[in-house]
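Q: Mind having a look at this structure? Questions to follow.
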Amino acid sequence: MSGSGKLGGAALVLLLAGSMAVMEGGGALALGRVVNPVMQVEKTVVGEADKEAQGGPEFVPVTLFPTIKPSTRSVVTYWEKWTGFEGDAMRAVAEAFNASQDKYEVRILTVSNIPTKVTLATAGGIPPDVAGLFGPNITQYSMQNLVMPLDELIKRDGIKESDYVPSYWDMLNVDGKIWAMPSTPASTALHINKKHFREAGLDPENPPKTIEELDEVAKKMTSGSRQEGYKRLGFIPAEPGWWRDRFGYLFGAKMWDPATGKVTADSPENVRAYTWTQSYSTNYGRQAITDFQGGFGSFSSPQNAYLDGKVSMVLQGVWMHNFIRQFTKDFEWAAVPFPYPADQPQLANQTYVDMDILVIPRGAKNVEGAWAFIKYVQSQEGMELLCLGQRKHSPLTNVSQEFWDKHENPYVRLFYDLAKSPNAMAPPKIGIWPEYSGEMNNAFDRINNGADVKEVLAAVTKRMQPRLDKELFLRRKRLEAGQP
Amino acid sequence: MNEMKRKEALSGFLFALPWVIGFSVFLLWPLMASLYYSFTDFSVLQPPVWVGVQNYVELAQDEVFLKSLTNTFVFAAMALPLGLVFSISLALLLNAKIKGQALYRTIFFIPSIVPPVSLAMLWLFLFRPEIGLINVAINQVMDAIGALFPLFRQPNPNWNPPDWFNDPAWAKPALVVMGLWGVGNAIVIYLAGLQNVPQPLYEAADLDGATPWQKTWNVTLPMLSPVIQFNLVMGVIGSFQVFTIPYIMFPGGRPERAAMFYSMYLYDNAFPFQRMGYASAMGWIMFIIIFILTMITLRLSDKKVHYGS
């Protein structure tokens, strides 16, 4: 082979590889796959009588290309992320909607990695009519022009702010417009293991009220030691470690100040919060904690640290009951409001609120149909069917007695009341939050490993401030231009 | 040009056309578009805004970018030589004419057909600090060594095997170890190369009284050198694009971004952060880095590469 030929070959390999690098995202996209497309498929099932007549085993012919039943109704395509019982609950709602009228037919498609796929489909001009996205990212969706503002439709059909729990309604509103409607909400509370309370000589009916009491109780419930290894920890901020980016909320911190446009990652409240999380790794020993954590099973398993009795108290959401029911027997537990700092009693009844949402992507073909479906989900009937099925509470202010009676989670009212509390805290409404959150998670790790709290948080502020400046500039410009 | 030649040229072009169209539409166009986007502020759904070289300037000062770049270089520096030695050694062993050769070859190839996501889940279990198989094995080996040779006993009674996921120092080695498990593809290529080593060379070496080691070093490896070079180049490209497994095993590059690799930061910028222009600039920098590294690899190894017969 000649030298130049070899070089040419190498250059071609490089060109291909390089382009793969450029489109790495595209490659990664292939990772997520479309699971379980729900279509109305015409099935040919051999009747019972025939089966008996044949006397053989059940025979169901399989067609390679199932035909989709043509619908005389106007079809509403709906992409949703849920699978399992949560997906089933939404399918039940879609069926109820389809049965409730004869104009539209909602067809659900289960889609993984949904924000990216909806973004790309919208960029390509073929978005679904309705998409189920994530509440904390509404600002990003609105800034990106991904979703339609719904104000006119809301006004036309008489949906009112007062119909909703304030903390949830507020999440929908960015720069004075409503960009989405709730599907199911969730809030958090401290989950305690009552048996462990009794074993430590504590009264489970009198759980810790303040963070100082929580630290105290956690110490009493802990067994084992730093030197010998732990057998049980009363509480650690790193389990389950899902809200490591916003521990500051518990101490009254904000992640940014809308009045001045400043990132406040290193505000005194945040510094206090992360000094508190660091106290656990200092007091219990970082290495001893990580060694102990090494024995924790995965979240959705009977070896879950809380369900398995390795950690006695965890911050968890309204969904935790599902796992308790699925993986444990005679597990004695209770959900109580997460403690507040003793010197800040006004922060009592705090909770993290989060919400899944329904949006109409820009360029959706069937906006009226999409809205008709979303409106149905917002009705008390539709919403309760959905939230009961997903075993969460309703985001609406009106809740039927039947809903409470039927609900399986014994603490569902607590979660609902917490969401109504003035200290119900949603993620900050800024488009840079995904990146900011990543920075805070990294900061938590560094602080946990012994880095200086103030220094680490100041570095986060320094990094995120220019990003926020740019975002606020763009948002101001959009408002001035009277868009959208 | 006569009629026949023209016809031949036409049909040649027509045969190549599907590839040309595919290449232009799915590679060349996105490639060129990404070059343009790298000079813009672009969030996919909004029209791109020209910002000149701002993305590149910002990248030069972006700590996370520099960290991801360093991580990727360190990973490649560990993974490439180890992978090369490991896969060549295995290929030489699997080339030995023994009973059940095909079976052994299959066994070593199987890991490379496991989908990366399942692979990541599997290794998450294996690397668990307390109960993972790897650390359990390390503990037992250390205990055995301590019992047999008291001199080598760990002086520190609280000694622990690596905390693969929480200790920033061990995250990259964990990935390197995993990478060694998936060398099946390289082995297959080496095995093919080994079949092409001319037998007369071995016979000549035998006549000269060469030992097996001398035969490997002076006959097999030189004759295998073009294949080694190919695998090296592919290895350079592959280790710079490492993505799926660390993205699943080390969300956000945890711990302390020790496992934040170039492609992961690129993906984060492109999709979750909606900074497609910035991500495109990263893509082009990666292209240039890989291009330069490949050129260096080819230059350095060219003198050592022998083409047979």
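The values are calculated or read from the model by the stated rules, or taken from the named source; none is laboratory data. Only a predicted model underlies this, so the values are computations on that prediction, with no experimental measurement involved. Neighbour counts are summed over all protein chains in view; Cβ atoms, including those assigned to glycine, are modelled from backbone coordinates with ideal geometry. Side chains included, ligands, DNA and RNA excluded: accessible areas come from the protein's heavy atoms. Shrake-Rupley method; radii C 1.70, N 1.55, O 1.52, S 1.80 Å.
Q: (1) buried (at least 17 other Cβ atoms within 10 Å of the Cβ); (2) away from chain B (no Cβ under 14 Å); (3) aromatic (Phe, Trp, Tyr): which one isn't true of residue A:444, the others all being true?
A: If we test residue A:444 against (1) buried (at least 17 other Cβ atoms within 10 Å of the Cβ); (2) away from chain B (no Cβ under 14 Å); (3) aromatic (Phe, Trp, Tyr), just (2) comes out false.
Q: Yes or no: segment A:307-319 includes at least one residue that is more than 25 Å from residue A:225 (Cα to Cα) and open to solvent by 30 Å² or more (accessible area, probe 1.4 Å).
A: In the first step, residues of segment A:307-319 are kept if they are more than 25 Å from residue A:225 (Cα to Cα); the result is A:316-319.
Narrowing the set further to residues that are open to solvent by 30 Å² or more (accessible area, probe 1.4 Å) leaves A:319.
Yes: segment A:307-319 contains one or more residues that are more than 25 Å from residue A:225 (Cα to Cα) and open to solvent by 30 Å² or more (accessible area, probe 1.4 Å).
Q: Among the helices (runs of 4 or more DSSP H) contained in segment B:192-255, which hold 1 or more residues that are within 14 Å of chain A (Cβ to nearest Cβ) and surrounded by fewer than 21 Cβ atoms within 10 Å (Cβ to Cβ)?
A: Qualifying helices (runs of 4 or more DSSP H): B:221-240, B:244-249.
Q: Would you pick out the residues in segment A:284-309 that are closer than 30 Å to residue A:464 by Cβ and without any contact (Cβ under 8 Å) to a residue 40 or more places away in the chain? Walk me through it before giving the result.
A: Narrowing segment A:284-309 to residues closer than 30 Å to residue A:464 by Cβ: A:286, A:289-290, A:293, A:299.
Correct list: A:290 only.
Q: Here is a further query. Would it be correct to say that residue A:175 is open to solvent by 40 Å² or more (accessible area, probe 1.4 Å), over 27 Å from the mean Cα position of the chain (by Cα) and not aliphatic (A, V, I, L, M)? Give the steps one after another, and end with the answer.
A: On the way: open to solvent by 40 Å² or more (accessible area, probe 1.4 Å): yes; over 27 Å from the mean Cα position of the chain (by Cα): no; not aliphatic (A, V, I, L, M): yes.
Against the criterion (open to solvent by 40 Å² or more (accessible area, probe 1.4 Å), over 27 Å from the mean Cα position of the chain (by Cα) and not aliphatic (A, V, I, L, M)), residue A:175 does not qualify.
Q: Which ones in segment A:462-484 are open to solvent by 20 Å² or more (accessible area, probe 1.4 Å) and touching a strand residue (DSSP E or B) at 6+ places or on another chain (Cβ under 6 Å)?
A: Listed by number, the list holds a single entry, A:465.
Q: Does any residue of segment A:215-238 turn out to be on the phi < 0 side of the Ramachandran plot, surrounded by 15 or more Cβ atoms within 10 Å (Cβ to Cβ), within 14 Å of chain B (Cβ to nearest Cβ) and within 24 Å of the chain's Cα centre (by Cα)?
A: Looking through segment A:215-238, at least one residue is on the phi < 0 side of the Ramachandran plot, surrounded by 15 or more Cβ atoms within 10 Å (Cβ to Cβ), within 14 Å of chain B (Cβ to nearest Cβ) and within 24 Å of the chain's Cα centre (by Cα).
Q: Pairs only if they're at least six apart or on different chains, beta carbon under 7 angstrom, first in segment B:120-131 and more than 8 Å from chain A (Cβ to nearest Cβ) and on the phi < 0 side of the Ramachandran plot, second open to solvent by 80 Å² or more (accessible area, probe 1.4 Å) and in a helix (DSSP H, G or I); list them, first residue then second.
A: Cβ pairs passing all conditions: B:126/B:133.
Q: Looking at segment B:287-309, which of its residues are more than 9 Å from chain A (Cβ to nearest Cβ) and surrounded by fewer than 11 Cβ atoms within 10 Å (Cβ to Cβ)?
A: B:292, B:299, B:303, B:309
Q: Counting just the residues of segment A:117-158 that are under 16 Å from the mean Cα position of the chain (by Cα) and part of a helix (DSSP H, G or I), which one comes out nearest to the other protein chains (Cβ to nearest Cβ)? Working first, answer last.
A: Taking segment A:117-158 first, the residues under 16 Å from the mean Cα position of the chain (by Cα) are A:131-141.
Among the residues that remain, those that are also part of a helix (DSSP H, G or I) are: A:135-141.
Details: A:135: 16, A:136: 12, A:137: 9, A:138: 13, A:139: 11, A:140: 6, A:141: 9 Å.
This residue is A:140.
Q: When only residues in segment A:324-348 that are open to solvent by 40 Å² or more (accessible area, probe 1.4 Å) and in contact with an Asp or Glu (Cβ under 8 Å, 6 or more places away or on another chain) count, which is farthest from residue A:304 (Cα to Cα)?
A: Filtering segment A:324-348 for residues that are open to solvent by 40 Å² or more (accessible area, probe 1.4 Å) and in contact with an Asp or Glu (Cβ under 8 Å, 6 or more places away or on another chain), the one farthest from residue A:304 (Cα to Cα) comes out as A:342.
Q: Which residue is modelled with the highest pLDDT, if the candidates are limited to segment A:289-316 and must be within 14 Å of chain B (Cβ to nearest Cβ) and under 21 Å from the mean Cα position of the chain (by Cα)? Talk me through it step by step, then tell me what you get.
A: In the first step, residues of segment A:289-316 are kept if they are within 14 Å of chain B (Cβ to nearest Cβ); the result is A:289-301, A:303, A:305, A:308, A:310.
Those still in the list that are under 21 Å from the mean Cα position of the chain (by Cα) too: A:298-301, A:305.
Numbers: A:298: 81, A:299: 87, A:300: 87, A:301: 88, A:305: 93.
Per the criteria, the residue is A:305.
Q: Among the residues of segment B:13-31, is any hydroxyl-bearing (Ser, Thr, Tyr) and out of contact with any helix residue (DSSP H, G or I) (no Cβ under 9 Å at 6 or more places or on another chain)? Break it down into steps so the answer makes sense when it comes.
A: The initial filter retains those residues of segment B:13-31 that are hydroxyl-bearing (Ser, Thr, Tyr), namely B:24.
Among the residues that remain, those that are also out of contact with any helix residue (DSSP H, G or I) (no Cβ under 9 Å at 6 or more places or on another chain) are: B:24.
Scanning segment B:13-31, I find at least one residue that is hydroxyl-bearing (Ser, Thr, Tyr) and out of contact with any helix residue (DSSP H, G or I) (no Cβ under 9 Å at 6 or more places or on another chain), so the answer is yes.
Q: Looking only at segment A:349-389, which residues are closer than 20 Å to residue A:118 by Cβ, open to solvent by 30 Å² or more (accessible area, probe 1.4 Å), touching a Pro at 6+ places or on another chain (Cβ under 8 Å) and in a loop (DSSP other than H, G, I, E, B)?
A: Correct list: A:362, A:363.
Q: Follow-up question, since we're still on this one. I want to confirm something. Restricting to segment B:261-279 and keeping residues that are of a type outside the set (D, E, K, R) and open to solvent by 10 Å² or more (accessible area, probe 1.4 Å), which single residue is farthest from the other protein chains (Cβ to nearest Cβ)?
A: Start the filter on segment B:261-279 by keeping residues that are of a type outside the set (D, E, K, R), which leaves B:261-267, B:269-274, B:276-279.
Checking which are open to solvent by 10 Å² or more (accessible area, probe 1.4 Å) leaves us with B:267, B:271-274, B:276.
Details: B:267: 5, B:271: 5, B:272: 5, B:273: 5, B:274: 6, B:276: 8 Å.
This residue is B:276.
Q: Could you grab me the full set of residues in segment A:98-116 that are surrounded by 15 or more Cβ atoms within 10 Å (Cβ to Cβ) and more than 14 Å from every other protein chain (Cβ to nearest Cβ)?
A: Matches in segment A:98-116: A:98, A:104, A:105, A:106, A:107, A:108, A:109, A:110, A:111.
Q: Determine, yes or no, whether residue A:416 is surrounded by 21 or more Cβ atoms within 10 Å (Cβ to Cβ), more than 14 Å from chain B (Cβ to nearest Cβ) and aromatic (Phe, Trp, Tyr).
A: Numbers: surrounded by 21 or more Cβ atoms within 10 Å (Cβ to Cβ): yes; more than 14 Å from chain B (Cβ to nearest Cβ): yes; aromatic (Phe, Trp, Tyr): yes.
When the stated conditions are applied, residue A:416 passes them.
Q: Continuing with the same structure: Hey, among the residues in segment B:20-49 that are in contact (Cβ under 8 Å) with a residue 60 or more places away in the chain and assigned to a loop (DSSP other than H, G, I, E, B), which one's surrounded by the fewest Cβ atoms within 10 Å (Cβ to Cβ)?
A: Per the criteria, the residue is B:48.
Q: Take the conditions among the basic types (Lys, Arg) and surrounded by 12 or more Cβ atoms within 10 Å (Cβ to Cβ) and apply them to residue B:67. Does it pass? Write out each step before concluding.
A: Numbers: among the basic types (Lys, Arg): yes; surrounded by 12 or more Cβ atoms within 10 Å (Cβ to Cβ): yes.
Considered against the rule, which asks whether it is among the basic types (Lys, Arg) and surrounded by 12 or more Cβ atoms within 10 Å (Cβ to Cβ), residue B:67 comes out as yes.
Q: Here is a check on your reading of the model: is residue B:73 in contact with a helix residue (DSSP H, G or I) (Cβ under 7 Å, 6 or more places away or on another chain) and either closer than 28 Å to residue B:186 by Cβ or open to solvent by less than 90 Å² (accessible area, probe 1.4 Å) (or both)?
A: Values: in contact with a helix residue (DSSP H, G or I) (Cβ under 7 Å, 6 or more places away or on another chain): no; either closer than 28 Å to residue B:186 by Cβ or open to solvent by less than 90 Å² (accessible area, probe 1.4 Å) (or both): yes.
Judged against the criteria, residue B:73 is not a match.
Q: Can you give me the number of residues within segment A:193-214 that are among the aliphatic types (A, V, I, L, M) and either farther than 27 Å from residue A:346 by Cα or over 31 Å from the mean Cα position of the chain (by Cα) (or both)? Give the derivation first.
A: Residues of segment A:193-214 that are among the aliphatic types (A, V, I, L, M), as a first pass: A:200, A:202, A:211, A:214.
With either farther than 27 Å from residue A:346 by Cα or over 31 Å from the mean Cα position of the chain (by Cα) (or both) added as a condition, the list becomes A:200, A:202.
Result for segment A:193-214: 2.
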